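I have placed the structure first, in the form of structure tokens, so that the comments after it can refer back to it.
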Amino acid sequence: MSMRTLLLAGCLVACLAVSSVAEELSADAIVAKANLASYYAGKDGTAKVRMELSDGRTREFAILRRNADAGLDQRFYVYFTAPADVRKMAYLVHKKPGGNDDRWLFLPALNLVKRIAPGDKRTSFVGSDFLYEDVSGRSLAEDTHELVETTDSQYVIKNTPKAPATVEFASYTVWIDKVSFLPRKAEYFDKRGTLYRRVAATKVETVDGHPTVMESTVEDLIAGSKTVNRFTKVAYDIGLKDRLFTERFLRRPPREVTR
């Protein structure tokens, strides 16, 4: 092989390497795409959920979600239908990326609408291993993101809170599917570096053209408890109105969640 050929081959390899690096997504870009895949599929969406706790208790509820017409603001409405101790309970979120979300909880036994403080979003969601923040997602701006590994099928991202005193974890690592960008697993580590919590998407299907989590689990590895959410009747782009996501419907649920 001539020197000219060797030089041309070397240039080709170098150009391919530069092209590969240029196409590689940054950690922030990967996390942003994962956020869109997880919480923003379609213009709106609805689902029925059966929650199964490891102590044998269950919860059944409906979720409505509507994206803002522009930007990443969003509305979530959750209405509980069973069992009797949580029936008619409702949870409302006005999601404001870059700022504090507005969250309300209606407690029918007390006929009380309770405002959920920003510091309470990482508390247990109706006695389960899920947290309030799990329902509508965590703001991307609250963490720094580092791409620690890329496999054939997944990106592995380490997330570190910018305000560590406000949360119970020191960091969490997320495995994100390279095709769908759905997070498939997240592991949380405490201040001592101990793995104490795991969240996983255990079943994914395509619904109305959108990769969708149909079963998710959370494990509290310290307490030894586990909660499973099973999703049915998932639908997208059904034309939900913004008026449904107001305090008015906390006490009087709209027909979209009861039918």
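The numbers here are math on the coordinates, done by the rules we state, and not lab data. In this text, all values refer to a predicted model and were calculated from it rather than measured experimentally. Ideal geometry is used to build each Cβ from the backbone, glycine not excepted, and the neighbour counts take in all protein chains shown.
Here the label points at THR58 and ARG122, each 7 Å from Cα along the C-beta direction, are separated by 3.3 nm in the simple model.
Going by the alpha-carbon gyration tensor, a ≥ b ≥ c the square roots of its eigenvalues, is the chain rounded (a/c under 1.5) or, if a/c is not under 1.5, prolate (a/b greater than b/c) versus oblate? Prolate, because a/c is 1.5 or more and a/b exceeds b/c.
Working note: 222 nm ellipticity from helices only, DSSP H runs with n ≥ 4, each -39,500 (n - 2.57), summed and divided by the residues of the chain, gives -5000 deg cm²/dmol to the nearest 500. Label sites at ILE222 and THR160, each approximated as a point 7 angstrom past Cα along Cα to Cβ, lie 2.2 nm apart.
How big is the shadow of the Cα convex hull of segment 183-259, averaged over all directions, in nm²? Before the final figure, lay out the partial values.
Numbers: hull surface 31.2 nm².
With the hull built on Cα positions only, its mean projection is 7.8 nm².
Using C-alpha pairs below 8 Å separated by at least 6 residues, the relative contact order for the chain is 19 percent. Here's how it looks for SER54: its modeled amide H is under 5 Å from those of LYS226, which are all 5 or more places away or on a different chain.
Each residue of segment 124-134 is assigned a 3J(HN,Hα), and the resulting list reads 4, 8, 6, x, 9, 7, 6, 10, 3, 5, 5 Hz, derived from the Karplus form 6.51 cos²θ - 1.76 cosθ + 1.60 (θ = phi - 60°), x at Gly and Pro. Distances between placed amide hydrogens fall under 5 Å for LYS185 paired with TRP175, ALA201, all partners being 5 or more residues away or on another chain. The length gained by stretching the chain between ARG192 and SER26 to full extension, at 0.36 nm per residue less their Cα-Cα distance, is 57.0 nm.
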